[in-house]
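The values are calculated or read from the model by the stated rules, or taken from the named source; none is laboratory data. These numbers come from a predicted model, not from an experiment. In this analysis, Cβ positions are derived from the backbone assuming ideal geometry, glycine residues included, and neighbour counts consider all displayed protein chains. We work out accessible area using only protein heavy atoms, side chains counted, and drop any ligands, DNA or RNA first. Shrake-Rupley method; radii C 1.70, N 1.55, O 1.52, S 1.80 Å.
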Amino acid sequence: MSIRSAAELRERFQSFFEERGHARVPAAPLLAGDDPTLLFTNSGMVQFKRVLTGEETRDYTRAVDSQPCLRVAGKHNDFEEVGRTPRHQTLFEMLGNWSFGDYFKRDAILWAWEFLTVELGLDPTRLAATVYTDDNEAYDIWTTEIGLPADRVVRYGNIDAGDDRNFWQMADTGPCGPCSEIHYDRGAELSEGPECIPDHSEHCPRWLEFWNLVFMQFDRASDGTLSPLPFQSVDTGMGLERMATILQGVDSNYQTDLFIPIIARLAAHLGHDPDTVESERFSYQVVADHSRAATFLLAEGVKPSNEGAGYVLRRLIRRAVRHVRLMGISERVLGETCATVIDLMGDAYPQLERDHPRILAEVQAEEAKFHRTLEAGTQRLADLVAAVGDGGAISGTDAFRLHDTFGFPIDLTVEMAAEANVTVDRDGFETEMTAQRDRSRGARAARFSADPSLTGLVSEFIGYPNQTAGEGTVLAIAGDADAAQVVLDRSPFYAEGGGQIGDHGRLVGEQGSLEVTDTQRHGEAIVHLGLLSGTLSAGESVRAEVDGERRWGAARNHTATHLLHRALRDVLGEQARQAGSWVGPDALRFDFPASGPTSRDDLRAVERAVNARIRDDLVVTPAWIPFEEAQAAGADMFFGEKYAPESVRMVTCGSFSRELCGGTHVAATGQIGSFRILGEASIGTGLRRIEAVTGVAADELVADRLDALHRTATLLGDREENVPTRVEVLLARVKGANRAAPTSSLDAAGAIHDATEVGDAALIVGRYPEADASALRRWVDAIRTSAGRFVAVGAGTAADQATVVIAASRDLTAEGFDAVPIARAAAELIGGGGGGRADLAQAGGRNLAALDGALAEASRLAREAILALEPE
């Protein structure tokens, strides 16, 4: 065979079909953001689904591509099988050729045969095919035109009876049709008897199915009904990895040149020859596969998190980390394995090479984080396993504590327990998780809950571009006068969505009015919430009046958010994509993924860029266009949002920014006035938040800060530009005085040096006889200047008073750490009281003998509180 490497195979397949009139089409993203039935692209047909149904047209009727696919969720989920078999993977490549109303079964089969027997040089006597039971056309082509013996063309399937063999569909609904699978005979010596025949279930190792020719003829509805598609099409999928095993003469996908370099990189750490080591084969294969999948997801901007695609990524990385440890490798090696993936596949998929440094930095950060989680939780899990014994069960409560205290993922708990023949009460765990979510909800303000009587109503929004008044007919009224809910058939009120808050205003009728204090959406209905005076009746016409000033403030801030989004990515890189936002009339918030704080210089660069675009007075143009057109224009769209294929609203700010957005906006960027960043801070692991103001609020901010600078200069008796230098001199004097004070000599530097790493924070503990509360607070201040992300617990016994001080860095408190309950727990032990703030709390009491116990308890609680912030 002239073609052996997977890279050659990938290229030659696409070239072969290009020579036969097929357009070479780039691979679709792994994130299936515009398909409501999928989280990930799990087959080659995903990007062509609307073409196959006739909803879209392209400027070609024949296509060829190489599509990375991910099967870790939904109907097609290979996660648990990875590493256990020679051919299951989470990420794989599908080579495909396509016909959209052009050629059909005959050409598809003839070209497949030509590629296999002529281009690749496979022995025709080692090939077999399967067809759907009543697909006589395909059967005749194989037996008559190709000349395959009848005993090597097998009929299967009866979709009406529930037998879906040789009948393919991507999901529960959508395009589908009969298919014809091509199998390779790996040798009679592998046969397991007379029942060993080509079969997609692959119960016999002799036959390897590697190419599926799908003849799209039907569209399956949600009730199972099959309707003819507008035109007949062909969708073929050849597994690159499977064909590579045939060309390279190996038995497993993991023995091909797509995986061997990754496995060799791991083996080098153990001094193994990966071809001869079987004991770690499972782990080798898990790490190699998961490294590939994680690399591709990171390249698409996915960040490890606790939901959606981010949860899948986190699970892949953490499972790989665990198998690295099981192999006996103590080093952190995923950066190396992912770098090898980029070396292997960067030419075919340039986004990998383009984002090389970021991909490696992010996988290494998540790997390091999970190393700490494993160290904290593994021993506790081992204790639980030992306590229940062989064949026992870990309670849901214990599994939840392991998750809540140590950040130990439930999936990993189940997997590790199973290795010791111990089960986990998963239902009990979910009960505990639900209870925790309920407690969390109870701590927040009550959310909008629509009255059931409003379900199914439809309202037309008439508030574009910035219409703030109109007439509407009352469709329904619910609730009481103090909390009324009113739905109109048409309304200029913007319902909260896309980060923008709901409008305020009034609904005025003949006999009453509603003071609207919020606007929410319930299905297709716009629900006006507020205080009812007099009466409004279903069927009556009312005047809807939006608070125009408040709406205009929100519109100004919403457009500024779009400018901020683009400017952030220009300064920090494309990974700084929107992860959440809040747009109000007076201010805006913007959340984005980042591994650490944004430098002051970068924030200034972002602020300057936004203000430059405001001065450019760019025209802001909202337009309803087909989704495909928005994609072609490069519009920003967001994972998790579902977009209608026929029409989406794209908001452009000149040529600077394009986003899909349903919010209200100014007509030109100059109407924003000005833009100022209030601050930037952590809101959780891997997430940062920028808060900003625009217009009059931005002008007032600048004026207030200039006034503060002027007052400071006056107090110092110097010019305003000299204030920083004078303050530095004063601070140096204060620090010198503190060092000279007898009670300020607590060794903060030594305490930091001796700190314990907990999660991704330092736990600093100090015990200082004769230190009073003031000395301990100065000790904390010294730690703040040097320690970064920390929790400090200090104790002293000056003047017959036992004192415990608990302090935390402000990024930890922003994520939910609270020092106050820890101080109160310590106070109980030393016979006193405690309180303070989330970032600094203090306990005092007279029981000096109990101080060591209180310090130990406070340290333990601090450790648990830090670990509770760690992501699952």
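Want the number for Thr621 to Glu331: 0.36 nm per residue separation, take away the alpha-carbon distance, what's left?
Contour length minus Cα-Cα distance gives 99.1 nm.
Suppose every Lys and Arg Cβ carries +1 and every Asp and Glu Cβ carries -1, with no other charges. What dipole size does the chain come out with about its Cα centre, to the nearest 20 debye?
2960 debye
If you compute Cα extents along the principal axes in Å for the structure shown, which of [x] 99, 67, 50; [y] 118, 66, 53; [z] 99, 77, 53 do you land on?
Matching entry in [x] 99, 67, 50; [y] 118, 66, 53; [z] 99, 77, 53: [z].
Could you list which residues have their amide H under 5 Å from that of Gln217, counting only those 5 or more apart in sequence or on another chain, with H placed in the peptide plane?
Cys176, Gly177
For Ala594, what residues show an amide H to amide H distance below 5 Å, using hydrogens built from the backbone and excluding near sequence neighbours?
Leu687, Arg688
Using the Kirkwood radius over C-alpha pairs as Rh, can you work out the diffusion coefficient of the range 141-256 via Stokes-Einstein at 25 °C, viscosity 0.890 mPa s, in µm² per second?
155 µm²/s
About its Cα centre, what dipole magnitude does the range 85-209 give when the only charges are +1 on Lys and Arg Cβ and -1 on Asp and Glu Cβ, stated in debye to the nearest 20?
That gives the range 85-209 a dipole magnitude of about 220 debye.
Between the range 553-597 and the range 315-391, what's the alpha-carbon centroid distance in Å?
31 Å
Pull out a ≥ b ≥ c, the square roots of the eigenvalues of the alpha-carbon gyration tensor of the range 140-181, then state rounded if a/c is under 1.5, prolate if not and a/b is larger than b/c, and oblate in the remaining case.
prolate
How big is the gap, in Å, between the Cα center of the range 694-721 and the Cα center of the range 467-539?
43 Å
For a quick check: with amide H placed at 1.01 Å from N, whose amide H comes under 5 Å from Arg490's, ignoring anything fewer than 5 positions away on the same chain?
Here the answer is Glu460, Thr473, since their amide H atoms fall under 5 Å of that of Arg490.
What is the range 223-336 by shape, rounded, prolate or oblate, if you read a ≥ b ≥ c off the alpha carbon gyration tensor as root eigenvalues and call it rounded for a/c under 1.5, prolate for a/b larger than b/c, and oblate otherwise?
oblate
Considering only protein heavy atoms and a probe of 1.4 Å, how much of the accessible area of the chain is carbon and sulfur, as a whole percent?
Exposed carbon and sulfur together represent 49 percent of the surface.
Working with all protein chains in place, sort Phe656, Phe13 by solvent-accessible area computed with a 1.4 Å probe, largest first.
If we order Phe656, Phe13 from most to least accessible, we get Phe656, Phe13.
Given a 1.4 Å probe, how much area per residue of the chain is accessible, in Å²?
The answer is 42 Å² per residue.
Considering only DSSP beta bridges where both residues belong to the range 571-674, give the percentage that are antiparallel (nearest 5).
The answer is about 95 percent antiparallel.
Scan the chain and note any complete DSSP helix (H) whose C-alpha atoms cover at least 30 Å along its axis and whose Kyte-Doolittle average is -1.0 or more.
Those that clear 30 Å and a mean of -1.0 are 356-388, 548-572, 695-716.
Remind me, relative contact order of the chain in percent, using alpha carbon pairs under 8 angstrom and six or more residues apart?
Result for the chain is 7 percent.
Of Ile146, Thr173, Leu127, whose Cα points farthest to the positive end of the dipole of the range 84-205 (charges on the beta-carbon: +1 Lys, Arg; -1 Asp, Glu; origin at the Cα centre)?
Sorting the options by dipole projection puts first Leu127.
List the cysteines of the chain that have no other Cys Cβ closer than 4.7 Å: which are they?
Cys69, Cys176, Cys179, Cys338, Cys653, Cys661
State, as an integer percentage, the relative contact order of the range 485-632 based on alpha-carbon contacts under 8 Å between residues 6 or more apart.
For the range 485-632, the relative contact order is 19 percent.
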